[in-house]
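To start, the structure itself, in structure tokens.
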Amino acid sequence: MSPRLDRRVTFERQGAGRNALNEPTGAWESLATLWAARTDLTETERAAAGQIGAVRAARFTLRRSDLALGLTAADRMKVGGHVWNITGVAARGRWVDVLAVSTGRKEEA
């Protein structure tokens, strides 16, 4: 059965700029906006620095393409204003699964 590609997902890659500590400083540049299916995997709570924060994990399924196969954990994606950090990419026949995590906060302007 084919997944229902009902979400618009924008993939981004950070530019090449670096600061004196060799940290990336380049602006995020849009690679493409594609249709994807979303499957929520888990919702967990974690304690970090005395604060509790919710972390969401999901699998986004895309049609197989060179762009989808070229995604890495250095890239990120936006879905409905939320930023998702890519944790893994796996090819599966005609499909590519992109695993990602988000804190659920919208990106600040």
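Working only within the stretch 54-107, note down all residues that are open to solvent by less than 30 Å² (accessible area, probe 1.4 Å), modelled with pLDDT under 90 and not in a strand (DSSP E or B).
Of everything in the stretch 54-107, just one residue is open to solvent by less than 30 Å² (accessible area, probe 1.4 Å), modelled with pLDDT under 90 and not in a strand (DSSP E or B), namely Gly104.
So for the stretch 10-33 (the condition being in contact with a Pro (Cβ under 9 Å, 6 or more places away or on another chain), surrounded by fewer than 14 Cβ atoms within 10 Å (Cβ to Cβ), at pLDDT below 95 and part of a strand (DSSP E or B)), does at least one residue qualify?
Looking for residues that are in contact with a Pro (Cβ under 9 Å, 6 or more places away or on another chain), surrounded by fewer than 14 Cβ atoms within 10 Å (Cβ to Cβ), at pLDDT below 95 and part of a strand (DSSP E or B), one finds at least one in the stretch 10-33, hence yes.
The values are calculated or read from the model by the stated rules, or taken from the named source; none is laboratory data. Worth saying up front: this structure is predicted, and the values here are computed from it rather than measured. Positions of Cβ are generated from backbone atoms using ideal geometry, with glycine treated the same way; all protein chains shown enter the neighbour counts. Quick note on the areas: whole protein, heavy atoms, side chains included, nothing else; ligands and nucleic acids left out. Shrake-Rupley method; radii C 1.70, N 1.55, O 1.52, S 1.80 Å.
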